[in-house]
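Here is the structure we will look at.
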Amino acid sequence: TTETLIRGRLLSFNRAPEHAGDRESYLYEEDGALLVRDGRIAAVGAYADVKPKAGADTTEIDHRPHLILPGLIDCHVHFPQMQVIASYAANLLEWLNTYTFPEECRFVESAHAERIATQFFDEFLRQGTTTAVAYCSVHKASADAFFAESLKRGTLMIGGKVMMDRNAPQGLLDTPQLGYDETRAVIEQWHGKGRNHVAITPRFAITSTPEQMAMTQKLAEEFPDLHIQTHLSENHDEIRYTCELYPDATDYTDIYARYGLLRKKALFGHAIHLSDREADAMAESGAVAVHCPTSNLFLGSGLFPLKAIQRREKPVTVAVATDIGGGSSYSMLKTMDEAYKIQQLLGERMNPLESFYHMTLGNAVALDLADRIGTLNEGTDADIVVLNAAATPAMRLRMETVTSLSEELFLLQTMGDDRAVVETYVAGKASKPAN
Ligand code: GUN
Ligand code: FE
């Protein structure tokens, strides 16, 4: 056994905060400690209580006065789009056709996919993100590179080989049968290997024929416990074109419902412009809307009504994500900063507790993985991030006037990025790469 005692100011949620002062929704331990044994959290609490449980030769790491939180979770990101970030396009479809599809074609080469996979994991761990839900490219080699790197790092990652068989360059197309066969091969090779999870990944209805959607349904039926990920209702032109391609469907959401993809553990990226009927269908099925604020602003896609959708009689489960490379930052702190500003524009408030809940337990609940990640609870995986709200001169100056935890979190969200990440632990192992 290897044991580490990690000391600092612990913050971990046990449910969604109901209001800005909801002290019952989280654990906060000013002088706290985590005892990490064999990659799991063996004990959590006040330092004085946890310390006696540690062995004599246990390594002790003192992170005071920094905050110790569960590793951050990113519920929607594109692994082959690291070199697409900051591409200048007017809207989603132009961005996809001009930059994104050509770039993804390069992932036919294993060597390229492996190089980017190394960079991908370095960057996510640099940002304190320990779990991501990733689209690979259409090429099985890209999924192999992604999962091999994850296995090496010991991370809990969810990924999928993208299925797409129309409306994209030849080099990015599979077929209904090939998409099915290769997805099955990826599942057999990687699902449950280390901490890897495979997701069934039809890109979106525009790039899948009805025949491919039917194969996706077959996969979803054969593997009812797997995650599903796709895109939904991101942009008005996209919605119009999608509905033209599936004239029998009631609306965009109904296309996925007809193929059995609306269910628990199904993650729908964006879902910005849903009708009431669509939001009801999402809510009733337990499917998840994944809010990608930096992407929605960057591509001009729209303002996701996060608070409104949670306030509905039938609330939709919401996760949050970067959507790299449509998104413009790898940082979940920056992501929630932009999410906050979107709610401001919609006349809504989102308090800092909610933001930090979303980045951790909220996303873990959306993934149905809260028993493993997203908290500092005993018995869960020791994926941990250490944050410093005084990481830069300007942050340090502002910290002088901060008088509460909530203000400190808000400062971290508003001014923080990878510079605020002191350390990232993956299964108990310090894993933050140098800058
Ligand atoms: N819709 C289909 N593919 C994509 C993608 O790669 N990024 C975004 N933002 N939307 C999509
Ligand atoms: Fe996306």
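Assess whether Phe304 counts as being within 16 Å of ligand 2 (Cβ to nearest atom), hydrophobic (A, V, I, L, M, F, W, C) and under 25 Å from Ile200 (Cα atoms). Taking the combined requirement at face value, the residue satisfies it.
Set side by side, the residues Gly374, Gly362 differ, and just one is open to solvent by less than 20 Å² (accessible area, probe 1.4 Å) and touching a Pro at 6+ places or on another chain (Cβ under 7 Å), which is Gly374. The single condition among (1) more than 16 Å from ligand 1 (Cβ to nearest atom); (2) surrounded by 15 or more Cβ atoms within 10 Å (Cβ to Cβ); (3) aromatic (Phe, Trp, Tyr) that Tyr28 does not meet is (2).
In the set Leu397, Leu376, Leu405, Leu411, which member is modelled with pLDDT of 95 or more and closer than 30 Å to Leu151 by Cβ?
The unique qualifying residue is Leu376.
One line per residue, one yes/no per condition, for (1) touching a Gly at 6+ places or on another chain (Cβ under 7 Å); (2) surrounded by fewer than 22 Cβ atoms within 10 Å (Cβ to Cβ); (3) modelled with pLDDT under 95:
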residue: His273; (1), (2), (3): yes, yes, no
residue: Val288; (1), (2), (3): no, no, no
residue: Gly325; (1), (2), (3): no, no, no
residue: Leu333; (1), (2), (3): yes, no, no
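Candidates are the residues of region 295-309 that are more than 14 Å from ligand 1 (Cβ to nearest atom), aliphatic (A, V, I, L, M) and not in a loop (DSSP other than H, G, I, E, B); the one that is surrounded by the most Cβ atoms within 10 Å (Cβ to Cβ) is Leu306.
From the list Glu222, Glu284, Glu278, Glu211, the lone residue that is touching a Ser or Thr at 6+ places or on another chain (Cβ under 7 Å) and either in contact (Cβ under 8 Å) with a residue 60 or more places away in the chain or not hydroxyl-bearing (Ser, Thr, Tyr) (or both) is Glu278. The set of residues in region 31-48 that are open to solvent by 50 Å² or more (accessible area, probe 1.4 Å) and either closer than 12 Å to Glu378 by Cβ or of a type in the set (Ser, Thr, Tyr) (or both) comprises Arg37, Arg40.
Table: residues versus (1) closer than 20 Å to Lys140 by Cα; (2) more than 15 Å from ligand 1 (Cβ to nearest atom); (3) surrounded by fewer than 23 Cβ atoms within 10 Å (Cβ to Cβ); (4) not charged (D, E, K, R).
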{"residue": "Thr201", "(1), (2), (3), (4)": "yes, no, no, yes"}
{"residue": "Gln212", "(1), (2), (3), (4)": "yes, no, no, yes"}
{"residue": "Met215", "(1), (2), (3), (4)": "yes, yes, no, yes"}
{"residue": "Pro224", "(1), (2), (3), (4)": "no, yes, yes, yes"}
{"residue": "Ser233", "(1), (2), (3), (4)": "no, no, no, yes"}
{"residue": "Thr250", "(1), (2), (3), (4)": "no, yes, yes, yes"}
{"residue": "Ala257", "(1), (2), (3), (4)": "no, yes, yes, yes"}
{"residue": "Gly260", "(1), (2), (3), (4)": "no, yes, yes, yes"}
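Just one of the listed residues (Glu103, Glu114, Glu94) is within 16 Å of ligand 2 (Cβ to nearest atom), among the charged types (D, E, K, R) and open to solvent by 30 Å² or more (accessible area, probe 1.4 Å), namely Glu94. The lone criterion from (1) open to solvent by 10 Å² or more (accessible area, probe 1.4 Å); (2) more than 17 Å from the chain's Cα centre (by Cα) left unmet by Leu353 is number (1). Go through (1) surrounded by 17 or more Cβ atoms within 10 Å (Cβ to Cβ); (2) more than 16 Å from ligand 1 (Cβ to nearest atom); (3) under 24 Å from Ile85 (Cα atoms) and name the single condition Lys341 misses. So the condition that Lys341 fails would be (1).
Which of the residues spanning region 185-226 are closer than 16 Å to Gly260 by Cβ, small (Gly, Ala, Ser) and away from ligand 2 (no atom under 16 Å from the Cβ)? Scanning region 185-226 gives Ala214, Ala220. Restricting attention to region 310-319, and to residues there that are open to solvent by 40 Å² or more (accessible area, probe 1.4 Å) and under 19 Å from the mean Cα position of the chain (by Cα), which single residue is nearest to Gly362 (Cα to Cα)? Going through the qualifying residues, I end up with Thr317. Summed over region 7-38, the residues that are within 28 Å of Gln310 (Cα to Cα), hydrophobic (A, V, I, L, M, F, W, C) and out of contact with any Phe, Trp or Tyr (no Cβ under 6 Å at 6 or more places or on another chain) give a count of 3.
When Leu333, Leu299 are screened for being more than 16 Å from the chain's Cα centre (by Cα) and closer than 28 Å to Pro80 by Cβ, only Leu299 passes. Here Val108 fulfils each of the conditions (1) more than 18 Å from the chain's Cα centre (by Cα); (2) surrounded by 18 or more Cβ atoms within 10 Å (Cβ to Cβ); (3) within 21 Å of Ala168 (Cα to Cα); (4) aliphatic (A, V, I, L, M) apart from (2).
Yes or no, residue by residue, for (1) in a helix (DSSP H, G or I); (2) open to solvent by 30 Å² or more (accessible area, probe 1.4 Å); (3) away from ligand 2 (no atom under 16 Å from the Cβ):
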residue: Gln119; (1), (2), (3): yes, yes, yes
residue: Val133; (1), (2), (3): no, no, no
residue: Ser137; (1), (2), (3): no, no, no
residue: Ala141; (1), (2), (3): yes, no, yes
residue: Ala145; (1), (2), (3): yes, no, yes
residue: Ala148; (1), (2), (3): yes, yes, yes
residue: Leu151; (1), (2), (3): yes, yes, yes
residue: Asp165; (1), (2), (3): no, no, yes
residue: Thr183; (1), (2), (3): yes, no, yes
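The values are calculated or read from the model by the stated rules, or taken from the named source; none is laboratory data. These figures come from a predicted structure and were not determined experimentally. For neighbour counting, all protein chains shown are included, and Cβ atoms are generated from backbone atoms with ideal geometry for every residue, glycine included. These area figures cover heavy atoms from the full protein model, side chains too; ligands, DNA and RNA do not enter into them. Shrake-Rupley method; radii C 1.70, N 1.55, O 1.52, S 1.80 Å.
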